[in-house]
Amino acid sequence: MSLENLKYLKRIPLFYGLADEQLLEISSVLLERSYHKGRFIFMEGEPGEAIYILKSGLIKLTKRLEDGREHILHFVNAGEIFAEVVLFDGGTYPATSEVQEDSVVGVLRNQDIERLISKNPVMAVEMLRIMSRRLRTAQEKVMNLALHDTTRRLAFALIKMAEDHGIKKSKGIFINMSLTNQELANLTGSSRETVNRMLNGFKRSGAIDVERQQIVVLDKAKLEDLLR
């Protein structure tokens with residue numbers, strides 16, 4: 001295993017605390033694949049045969065609603081594990097993964113990760129932590145969709161993206177993603193027209209700005225005030 005791969009694996013939360021020998025074993029079964037923007041890694045309903053680690057790029061996880069609309073569940077950042085739920089239930093993938101930016105992905109087949117976890121209790125504990133955090137995030141999103149109106153849902157989404165994907169600059173926090181108004185609508189359970197109207201309202205209030213299809217949070221406190 002190269003020094004670069006060793007450093008990369010050590011930055012993955014799932015592998016925190018493992019010795020170099022253990023990381024070498026993981027590297028021997030970790031497959032690496034490259035995907036161009038617009039490709040799909042797996043589709044909802046397909047057999048769940050592996051979990052994934054995003055090395056670089058951006059992945060969108062979506063679920064198809066009964067009326068045919070797409071609902072965005074999560075944007076995966078570099079270093080994150082995704083599709084981990086199939087490890088334990090052996091079922092199908094509950095969502096579709098679409099490549100938003102050219103990406104490099106590590107693939108761990110279920111039988112390999114199960115063997116590694118059985119030999120390394122540290123990995124088992126960390127996997128539980130990862131799934132616990134994911135569950136908490138999902139619960140927050142369900143509460144946001146159920147209890148808030150569209151304005152509050154969009155404000156919540158922008159705050160969350162600024163925290164997860166934001167780059168702080170002198171002007172404000174640049175959300176390092178190119179999202180269409182339709183994608184924001186799919187994320188917040190709204191319509192494109194409603195999102196466009198709300199974004200214009202946020203801009204007039206001085207809470208955000210938009211530069212080259214990139215949202216800039218100018219005043220996070222103004223967005224937070226909408227949630228109270």
>> With every protein chain kept in place and ligands, DNA and RNA left out, what is the accessible area per residue of the chain? Probe 1.4 Å, answer in Å².
In response: 53 Å²
> How many percent of the accessible area of segment 3-71 is carbon or sulfur, using a 1.4 Å probe?
Replying inline: 51 percent
>> So for each of 212-218, 69-75 I average, over its residues, the number of other beta carbons within 10 Å; can you give me the resulting order with the highest mean first?
In response: 69-75, 212-218
> Do you know the relative contact order of the chain, to the nearest whole percent, from alpha carbon pairs under 8 angstrom that are 6+ apart?
Replying inline: 18 percent
> Along the principal axes of its C-alpha atoms, what lengths does the chain span, in descending order and rounded to whole Å?
Replying inline: 56, 43, 33
> How far, in nm, would the chain grow between Thr194 and Ala221 when pulled straight, counting 0.36 nm per residue and subtracting the alpha carbon separation?
Replying inline: 7.5 nm
> Using 0.36 nm per residue, how much length does the chain from Gln111 to Phe40 gain when fully extended, once their Cα-Cα distance is taken away?
Replying inline: 23.3 nm
> For the pair Asp20 and Lys203, what calculated FRET efficiency results from E = 1/(1 + (r/R0)^6), where r is the Cβ-Cβ distance and R0 = 41 Å, to the nearest 0.05?
Replying inline: 0.20
> By a straight-distance test (C-alpha under 17 Å), which aspartates and glutamates pair with Lys171 as possible cross-link partners, with residues fewer than eight away in the same chain excluded?
Replying inline: Glu163, Asp209, Glu211, Asp219
> Do any of Lys55/Lys160; Lys55/Lys168; Lys169/Lys203; Lys7/Lys63 go past 28 Å between their Cα atoms, and which?
Replying inline: Lys7/Lys63
> When only alpha-carbon atoms count, how far does segment 61-128 stretch along each of its three principal axes, as whole angstroms with the largest first?
Replying inline: 44, 27, 18
> Which helices of the chain meet both criteria: a Cα extent of 27 Å or more along the helical axis and a mean Kyte-Doolittle score no lower than -0.5, with helices taken as whole DSSP H segments?
Replying inline: 121-147
> Pulled fully out, how much extra length does the chain show between Lys7 and Asp164, if you take 0.36 nm times their separation in residues and subtract their Cα-Cα distance?
Replying inline: 54.3 nm
>> I need the shape label for segment 1-99. Rule: rounded when a/c is under 1.5, else prolate if a/b > b/c, else oblate, with a, b, c from the alpha carbon gyration tensor.
In response: prolate
> From the Cα gyration tensor of segment 169-208, with a ≥ b ≥ c the square roots of its eigenvalues, which class applies: rounded if a/c is under 1.5, or else prolate if a/b is larger than b/c, or else oblate?
Replying inline: oblate
> Which distance in nm do the two modelled labels at Gln214 and Gln182 give, with both placed 7 Å along the Cα-to-Cβ direction?
Replying inline: 2.4 nm
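The values are calculated or read from the model by the stated rules, or taken from the named source; none is laboratory data. Given the structure is predicted, the values throughout are model-derived calculations rather than measurements. Cβ coordinates were reconstructed from backbone atoms using ideal geometry, including for glycine residues, and neighbour counts include every protein chain displayed. Accessible surface is based on the protein model in full, side chains and every heavy atom, while ligands, DNA and RNA are left aside. Shrake-Rupley method; radii C 1.70, N 1.55, O 1.52, S 1.80 Å.
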